[in-house]
Amino acid sequence: MKTNPVPSPQPSAPRHRARAALSALLLACLLSLPACSGADNAGDTQSERDAAEQKARQATQRLVSTLMGEVQTHIKEQGLAGTVTHCSSRAQELSTLIGVEEGVEIRRVTEKTRNPVDAPDAFERRVLARFADLAEKGEIEPATAHVEVVKQDGREVLRFLKPITVMKNCLGCHGTPEQIPQDVQQALREQYPNDLATGYAVGDLRGAVSVIVPLGE
């Protein structure tokens, strides 16, 4: 006698809906995951670089504001001639102090040095050339800066340079011979016989604050 095959049992409607919901939930979870672990790493890297740039800006602001405040005080108390050595020598002390406290390397650099230790390296020289071009065009603004991540001595660092331009009150020490008082010229000859930091006009590029921030530490 011929018998009909017994049909396979079909899942009940509630069980079918539960399986469908579970599949949808699984798919949603999978779609919400990063495409690969590198996505998180990229975000972490950018956050680290942003923090490093902020650290460089903070150190720069501290150096510039502190040094300029001290110079103005010395000018009032000792005159320009008595302040000749302060700006350059004190900048080195402040740079070391602020660098240690902020966890960076910081210094002032220029192509026209008064203190030879302010001579730029190859990277700084390239950026200074760009800043000089901007200064000639009158395009240096308060926010102007150069930020770049490079390999240095086998490690990745963030390099930050902020231009320094000549202001009117700088001309008494950095202007033309007609603008620099005789006693200041004499002090400059005694302290810096190889001084190159004169002959400037308002708006000229004087140099830059240069900061190096280690990454990946």
| message | Take Thr45 and tell me if it is within 14 Å of Phe160 (Cα to Cα) and within 18 Å of the chain's Cα centre (by Cα). | response | no
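Only residues that are assigned to a loop (DSSP other than H, G, I, E, B) and closer than 18 Å to Gly82 by Cβ: list them for region 182-196, please. So that I can check it myself, show each step before the final result.
Here is the first cut: in region 182-196, the ones assigned to a loop (DSSP other than H, G, I, E, B) are 192-196.
If the condition is that a residue be assigned to a loop (DSSP other than H, G, I, E, B) and closer than 18 Å to Gly82 by Cβ, then Tyr192, Asp195 are the ones that fit.
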| task | Residue by residue through region 82-95, note down the ones that are within 23 Å of His146 (Cβ to Cβ), buried (at least 20 other Cβ atoms within 10 Å of the Cβ) and either under 17 Å from the mean Cα position of the chain (by Cα) or among the polar types (S, T, N, Q) (or both). | result | Ser95
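Let's see how each residue does on (1) surrounded by fewer than 12 Cβ atoms within 10 Å (Cβ to Cβ); (2) touching a Pro at 6+ places or on another chain (Cβ under 8 Å); (3) at pLDDT 95 or above:
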| site | (1), (2), (3) |
| --- | --- |
| His146 | no, no, yes |
| Arg155 | yes, yes, no |
| Leu161 | no, no, yes |
| Gly175 | no, no, yes |
| Leu188 | no, no, no |
| Pro193 | yes, no, no |
| When you go through (1) assigned to a helix (DSSP H, G or I); (2) surrounded by fewer than 17 Cβ atoms within 10 Å (Cβ to Cβ); (3) without any contact (Cβ under 8 Å) to a residue 40 or more places away in the chain one by one for Ile98, which number turns out not to apply? | (2)
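For region 111-130, which residues satisfy the criterion of being among the hydrophobic types (A, V, I, L, M, F, W, C) and within 20 Å of Cys87 (Cβ to Cβ)? Please lay out each step first, then the result.
Step one: of region 111-130, the residues among the hydrophobic types (A, V, I, L, M, F, W, C) are 117, 119, 122-123, 127-129.
Matches in region 111-130: Val117, Ala119, Leu128.
If you go through region 56-69, how many residues are of a type in the set (Lys, Arg) and either at pLDDT below 90 or over 19 Å from Thr144 (Cβ atoms) (or both)? It would help to see each step written out before you state the result.
Going through region 56-69, the residues of a type in the set (Lys, Arg) turn out to be 57, 62.
With either at pLDDT below 90 or over 19 Å from Thr144 (Cβ atoms) (or both) added as a condition, the list becomes none.
Going through region 56-69 one residue at a time, the tally reaches 0.
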| note | When Gly103 is run through (1) more than 25 Å from Tyr200 (Cβ to Cβ); (2) touching a helix residue (DSSP H, G or I) at 6+ places or on another chain (Cβ under 6 Å); (3) surrounded by fewer than 17 Cβ atoms within 10 Å (Cβ to Cβ), the failure sits at (2)
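How many residues does region 117-155 hold that are assigned to a loop (DSSP other than H, G, I, E, B), over 17 Å from the mean Cα position of the chain (by Cα) and over 15 Å from Arg206 (Cβ atoms)?
Within region 117-155, residues that are assigned to a loop (DSSP other than H, G, I, E, B), over 17 Å from the mean Cα position of the chain (by Cα) and over 15 Å from Arg206 (Cβ atoms) number 5.
The values are calculated or read from the model by the stated rules, or taken from the named source; none is laboratory data. This one's a predicted model, so the numbers in the text were calculated from it and none came from an experiment. Ideal geometry is used to build each Cβ from the backbone, glycine not excepted, and the neighbour counts take in all protein chains shown.
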